[in-house]
Amino acid sequence: MRLARLMIGATILSATTVLSALAAPFAYVSNEGSASASVIDTATDKVTATFKVGGKPRGIAVSPDQKRLYISDQAANAALVIDASNGALVAKIALGSSPEGIYLSSDGRLLSAAVEEDDMVMLIDTATAKIVKRVKMRGKNPEHAVFSPDGRWLYVSSEEADSVDIVDVAKGEVIKSVKVGDRPRGIGFLPDSTRAYVAAENADIVNVFDVATHEVIARIKAGSRSNGVTVRPDGKRVYVSSGGEGTVQVIDTSTNAIVAAIPVGKRPWNMAITPDGKKLYVACGRSNAVAVIDTETNSKIADIAVGQLPWGVAIH
């Protein structure tokens, strides 16, 4: 009887573990206008919680285990570490003047924070919540600082520049700056770290980098005010938000051709995609909503009301 109970218990535990593993992830949205973060269940596309967060939350990232949120608070000049289950503040890391985009390395051990008015990028050890490196940029007003999936490189876009600064993560220094066009913005890497896609907002183009040489190998004419960049997990598509047109452009990475332009909402900005690559979540700042795109049909399937001026979305 005891053995049977143990077997039943093990079966229940196994089923629970499988169900947990199969559960759809949450999408976390930073709302800079309402000083909040919205939590969206990607299975139902419903907001399940809204947390009060800082004074002006912008950049947002979620830990691989989905237990922690990392949010840049421009009002406090800090990175906030948040308990993703209840919105409680776990830690506050002083960064400098006007922090913006923040990103995790693939293994979740390092967090990058672009600090605009100081022209710096901070590298933070997530285990200790301490800054381990301060990297001075060549470009002015860095906004995004994105890790290559292999963790070797950090590509940094500065909105008051025409170049991308490339940081050797191990050295903690800028090793090269490459011209991309006026006002570089969003950055996305292919999963194998061979290529990077960088939007230049005022030039309405997307630059394609060969990461081995850190040189631009193609320039793609994109939508007006090209901004956010997200890559599908299989590397076959790159998505670029067009703030001037209210669309998301879809790039086929085998040809670097735009194969679709999807209407989403007003001032689409930063985006995130589900781990299975099936749904893309787009922060539409002037719509106070997140648009959901079915990536198989390249069509918008939902608008989710969130807080005011949603800035970014994080999914893991």
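Please treat every number below as a calculation from the coordinates, not as lab data. Keep in mind that what you see is a predicted model, and the values were worked out from it rather than measured. Glycine gets a Cβ as well: all are built from the backbone with ideal geometry, and neighbour counts include every protein chain shown.
Roughly how many nanometres apart are two label points built 7 Å out from the Cα toward the Cβ at LYS130 and LYS92?
2.1 nm
Quick one: what are the phi-derived ³J(HN,Hα) couplings along region 255-269, Karplus 6.51/-1.76/1.60 with θ = phi - 60°, whole Hz, x for glycine and proline?
Calculated HN-Hα couplings, in order: 10, 6, 9, 7, 9, 6, 10, 10, x, 10, x, 7, 6, x, 10 Hz.
Go through region 219-224 residue by residue and turn each phi into a ³J(HN,Hα) via Karplus (6.51, -1.76, 1.60, θ = phi - 60°); whole Hz please, and just put x for glycine and proline.
10, 10, 5, 10, x, 4
Between GLU32 and residues 5 or more places away or on another chain, which pairs have amide H atoms under 5 Å apart, with H built 1.01 Å from N, and which residues are they?
TRP311
For the chain, what ratio Rg/Rh do Cα atoms give with a Kirkwood hydrodynamic radius?
With Rh from the inverse mean 1/r over Cα pairs, Rg/Rh is 0.99.
Can you order the peptides 119-130, 219-230, 156-167 by their average number of other Cβ atoms within 10 Å per residue, highest first? Present the calculation step by step, with values, prior to reporting the outcome.
Values: 119-130: 17.7, 219-230: 21.3, 156-167: 23.0.
Peptide ranking by packing, descending: 156-167, 219-230, 119-130.
Summing Lys, Arg as +1 and Asp, Glu as -1, what charge do residues with Cβ under 12 Å from the Cβ of ILE205 carry, ILE205 excluded? Provide the component values of the computation, followed by the final result.
Details: positive: LYS179, ARG183, ARG185, ARG219, LYS221, ARG225; negative: ASP162, ASP182, GLU201, ASP204.
Result for the neighbourhood of ILE205: +2.
Would you mind calculating the relative contact order of region 214-283 from Cα pairs under 8 angstrom and at least 6 residues apart, reporting the percent as a whole number? The partial results should precede the final answer.
Details: 150 pairs, mean separation 18.2, N = 70.
Relative contact order of region 214-283: 26 percent.
What is the Cα coordinate range of region 114-211 on the first, second and third principal axes, sorted by size from largest, in whole angstrom?
Dimensions of region 114-211 along the principal axes of its Cα atoms: 40, 32, 19 Å.
Work out from phi, with θ = phi - 60° and the Karplus expression 6.51 cos²θ - 1.76 cosθ + 1.60, the ³J(HN,Hα) of each residue of region 190-203, listed in order in whole Hz, and give x for Gly and Pro.
Going residue by residue, I get 5, x, 8, 6, 7, 9, 10, 10, 10, 7, 10, 4, 6, 9 Hz, with x marking Gly and Pro.
For the ranges 236-243, 63-70, 172-179, what's the packing order if you count other beta-carbon atoms within 10 Å of each residue, average per peptide, and put the highest first? Walk me through the numbers on the way to the answer.
On the way: 236-243: 24.6, 63-70: 17.8, 172-179: 14.9.
Put in order of decreasing packing, that is 236-243, 63-70, 172-179.
For region 55-101 and region 253-298, what is the separation of their C-alpha centers, rounded to whole Å?
Rounded to whole Å, the Cα centres lie 24 Å apart.
Helix-derived [θ] at 222 nm for the chain: sum -39500 (n - 2.57) over DSSP H runs of at least 4, divide by residue count, nearest 500? Provide the component values of the computation, followed by the final result.
Working: 1 runs with 21 residues, N = 316.
One gets -2500 deg cm²/dmol as the mean residue ellipticity at 222 nm.
State, as an integer percentage, the relative contact order of the chain based on alpha-carbon contacts under 8 Å between residues 6 or more apart. If you can, show how the numbers build up before the last one.
Working: 966 pairs, mean separation 37.4, N = 316.
Computed over the chain, the figure is 12 percent.
If the limit is 21 Å between Cα atoms, which of LYS279/LYS300; LYS136/LYS221; LYS221/LYS279; LYS52/LYS92 go over it?
Long pairs (Cα-Cα over 21 Å): LYS136/LYS221; LYS221/LYS279.
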